[in-house]
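K.L.:
Structure in structure tokens, see below.
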Amino acid sequence: MGICKSMRVWRWQGSAGALGAGVGVVLLGLGLAQSVPPQTACAAAPAQQSLIQPHYEDTTGGYTSVGFMAAPVQSFLHTVQPKAFPGDLILEVANDYGKVLSNQELIKKALLYEVGFLVCAAIGILYIILMPIVGFFLACCRCCCGNCGGKMYQKQTSSIHCRRRTLYWSAFVTTVIILAGNICMFKSNEDLKVSVDQGPTQLNAMLNNIHTFLTAVPQQVRYVVDESYKTIEEVTRNLDDIGPQLGTEIQERFNESLGPALHSIRLLNQEISTTTAKLDTLNSSLAQLQSSVDYIHANITAVKNRINQTLSNPNCTDCENQKPGLEKLTLDITLTSPSLNEFQSAVDEVNRIDLTLKIKEVEDYFNSIPQKVTVDTWGVIQISKQELGKIKTQISQVTGNIPLSTLTNVSGSLNQLHREIGRFTPEVMRAEDIRWKVCIALCCVVLLVVVCNLLGLILGPVGLTPKADPTKRSCTADCGGTFFMMGAGFSFLFSWLLMIVVLVLFLLGGNIYTLFCRPWNNGQLLKFIDKEFIPEIRQTYGLQANISFSEVYRDCKENKPLWTTLHLSDLVNLDEFLNVSRYTEQIREQFENTHINLSTITLLSPDIQNQLSSFSAKTESFDSTAITQQMNNISRINLNTTAEKLDMLSGLQTNSDRRKELQNEANDLRQIQASIETTITLRMESIHSTIKSLRSVTEKINGTVGEVLSSVGAAQDFLNTNTTQIVKTESRKFLDCQLGYFIAYANWANLTITQEIGRCQPVVGALDSVDIILCSNMVESLNAFWFSLGWCLIFFIPSIIFSIKLAKYYRRMKYSDVFDDHIIMNHIPRAQMKIT
């Protein structure tokens, strides 16, 4: 830990400014990084978290019925205006806006570009002029001259029925076409209403998405800054905790050899303790046994003396021959063993070594390593923490230069726009309601003509009798003909007014489509922006030379980050500013000057090792045979045999006193024998068990001592040889660990900047939303309406012709032909024929 701290200190002593500047530039490039991936070799690394992208609203509106007539309308407008987007002309008009009317050359260019619309407008004006004039003359003919639909006379020919059917089906087809156009009028009017009704919601959703994007970018930047602070704070905590962290790693390395040595010493110490305890038990048992033996020996001696006196009595019959057997009545045994005494001395000597104290010294040395690391690296840690604090300050200062306030201002403008939309929405809705009602009225006017034609087409044939006299046609047929004339009359009456609506909407919707919607969809508008505005933007902001709005739009369409979209790699060299590894060697060199002084400890001195070797040899030479033999001698004593002899001798006595004395002495011997069996024998069995247990322990001591001497020697050699190298190696690992945090942070920063921060699809979504709201919804619905209405008005002309001509085949005539044989028509005076 300390190493890492030290390393960071010296590294940033020489390069803190450069790295700080790099961090600053990165942040200016919309953020450094997200979070630091944890290093597998390091503990307590900052947890990695993915960059959370903001959630955006759906701006499509969910209404997909619009555009049902887009293909024919766009095809017509392409025919009317096949020319490309007039970017230069628009720039001239914009630059000379106040003097457009006085600039004849500019007006000429504008009229030349709009020639297709002008031709269509001329046709529309001609329609507006001619239709009321023709209708006026027809009305005068009908009202002033008394004729209604021509002469009220119909010449009867062989082809009259064929002509009627031809006119009928022509009128029917024309009416169906007008009806189809009228249905399209109703549909496009409803679509336009839905589009306008959804417009505020879609606009608000679009503005919300832009606001979310503009808000998310500063939040991502602040999040990146916070993550950089977390990295610095985490490294600072690790440096403060260098003792436990680095010390623990050093302990782990020491424990590879020191652990087995300590384990063997602890095992030997336990075995010595066990041996001492069992040896003390053996000595205590031998002392007790010796006391019992001495006591019994005294009793035996007393009884022996009495027996000797009894046998020496002259009154004792045949007693002199028994005296030699009394020599066996003795228990004069001393339980001693030179080998046991020598082994006791060896145990006492090894106990004076106090292996427990030696173990504690080694454990204290082992446990003091973390504290030693903390003390020896304190100065380097303090310097490193100061440098980390400087880096944190630099990052804080650099982030102040990020133009987040501009994004905030834009967000404020969007909020104002939200309020304006909310303020004008009720007025727009009221205007839209009026427009919708007016358009419904226009649709109903066209529908009125269609209804009149349909009634004529239905009632005329139903009430017609083909062979009936034209002057005697039924009321139903006459009614059908009247409806045809009414349809023609309504057509003349309203068509020129409807054409005015078509002309106005055509010029408005057609030009919006050709000047905005079509150039936007085919990319001409983007090329115009690239040509006229991008060079100035590049010069103002110092962007890459070949950046274009088309590329930005395409990249944002693919939801690429701002780093890729704006080619920020030409402004900021991330590899240069985030290349932490170039400072590694300098940091390592500085860190080598910091030493962690871990003095080498002597596990067992040569004298102690010699004492242990001597103890092992004495343990191996320990022999308990002498004590065992002495106890066997005690076991062979049998006083009952002598007692039986005394009983037999008492039976030979004639003197009652002698007899009684011998019997008493025999009983005394039996009691002493019983005492031996109940006391001495049990104690000897215990001593035998203790000796056996002691032997099992001493048999292990030799191997344990050998293991201790071997493992301690290896551990001592390891510590003497590798202590310094272990400290350096583990220190470097700790240093690499902490440095790895910043390297990983830099790599994560590079990845996040170039692939995550500022994904700009919402910006393109906003532009596409404008196209959907204005073009795909409103303009297409508006164009579909005037196209459908114009379609109906054009077919009003053949409808009028077919209706007027077909009406004579159903209306009741004033005059009729008189047939003689075949077709001999009565003479009708010219003066009697009137034109209606």
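K.L.:
Keeping to the range 183-212, report how many residues are open to solvent by less than 20 Å² (accessible area, probe 1.4 Å) and under 23 Å from the mean Cα position of the chain (by Cα).
P.N.:
Of the residues in that region, 1 qualify.
K.L.:
Among the residues of the range 441-467, what is the count of those that are open to solvent by 40 Å² or more (accessible area, probe 1.4 Å) and of a type in the set (Val, Ile, Thr)?
P.N.:
So the count comes out to 4.
K.L.:
Ok, one more. Checking the condition touching a residue at least 40 places away in the same chain (Cβ under 8 Å), of a type outside the set (Ser, Thr, Tyr), surrounded by fewer than 17 Cβ atoms within 10 Å (Cβ to Cβ) and assigned to a helix (DSSP H, G or I), which residue from Asp657, Asp668 passes?
P.N.:
Being touching a residue at least 40 places away in the same chain (Cβ under 8 Å), of a type outside the set (Ser, Thr, Tyr), surrounded by fewer than 17 Cβ atoms within 10 Å (Cβ to Cβ) and assigned to a helix (DSSP H, G or I) holds for just one of Asp657, Asp668, which is Asp657.
K.L.:
Any residue that is modelled with pLDDT of 80 or more, crowded, with 19+ Cβ neighbours inside 10 Å, basic (Lys, Arg) and out of contact with any Lys or Arg (no Cβ under 6 Å at 6 or more places or on another chain) - is there at least one of those in the range 749-765?
P.N.:
Yes, some residue in the range 749-765 is modelled with pLDDT of 80 or more, crowded, with 19+ Cβ neighbours inside 10 Å, basic (Lys, Arg) and out of contact with any Lys or Arg (no Cβ under 6 Å at 6 or more places or on another chain).
K.L.:
Six or more apart or on different chains, Cβ atoms under 6 Å: show the pairs whose first residue is in the range 622-644 and of a type in the set (Phe, Trp, Tyr) and whose second is assigned to a helix (DSSP H, G or I).
P.N.:
Phe622/Ser339; Phe622/Phe343; Phe622/Thr698
K.L.:
Search the range 712-741 for residues being of a type in the set (Phe, Trp, Tyr) and open to solvent by 10 Å² or more (accessible area, probe 1.4 Å), and hand back the single one that is farthest from Gln371 (Cα to Cα).
P.N.:
Looking at the filtered set, the residue picked out is Phe718.
K.L.:
Please list, ordered by first then second residue, the pairs with beta carbon atoms under 7 Å, 6 or more apart or interchain, first in the range 556-584 and over 19 Å from Arg759 (Cα atoms), second at pLDDT 65 or above and open to solvent by 50 Å² or more (accessible area, probe 1.4 Å).
P.N.:
Taking only residues 6 or more apart or on different chains, the pairs are Val580/Ile743; Ser581/Ile743.
K.L.:
If you don't mind, there's one more thing I want to ask. Those residues that are more than 13 Å from Ser803 (Cα to Cα) and out of contact with any Cys (no Cβ under 7 Å at 6 or more places or on another chain), I need them from the range 170-188; list them, please.
P.N.:
Val176, Ile177, Leu179, Ala180, Ile183, Cys184, Lys187, Ser188
K.L.:
Is there a residue being modelled with pLDDT of 90 or more and either part of a helix (DSSP H, G or I) or more than 30 Å from Val504 (Cα to Cα) (or both) anywhere in the range 138-145?
P.N.:
no
K.L.:
Considering Thr301, Thr281, Thr275, which residue is more than 60 Å from the chain's Cα centre (by Cα), crowded, with 21+ Cβ neighbours inside 10 Å and in a helix (DSSP H, G or I)?
P.N.:
Residue meeting the stated conditions: Thr275.
K.L.:
Taking the criterion of being closer than 23 Å to Phe117 by Cα, modelled with pLDDT of 80 or more and not in a helix (DSSP H, G or I), would at least one residue in the range 518-529 satisfy it?
P.N.:
Yes; the residues of the range 518-529 include at least one that is closer than 23 Å to Phe117 by Cα, modelled with pLDDT of 80 or more and not in a helix (DSSP H, G or I).
K.L.:
When the range 684-706 is examined, which residues are found to be of a type in the set (Lys, Arg) and surrounded by fewer than 14 Cβ atoms within 10 Å (Cβ to Cβ)?
P.N.:
Lys692, Arg695
The values are calculated or read from the model by the stated rules, or taken from the named source; none is laboratory data. As the structure is a prediction and not an experimental result, all values here were calculated from the model. A quick note on method: Cβ atoms are made from the backbone with ideal geometry, for glycine too, and the neighbour counts reach across all protein chains shown. All accessible areas refer to the heavy atoms of the entire protein, side chains included, with ligands and DNA or RNA removed. Shrake-Rupley method; radii C 1.70, N 1.55, O 1.52, S 1.80 Å.
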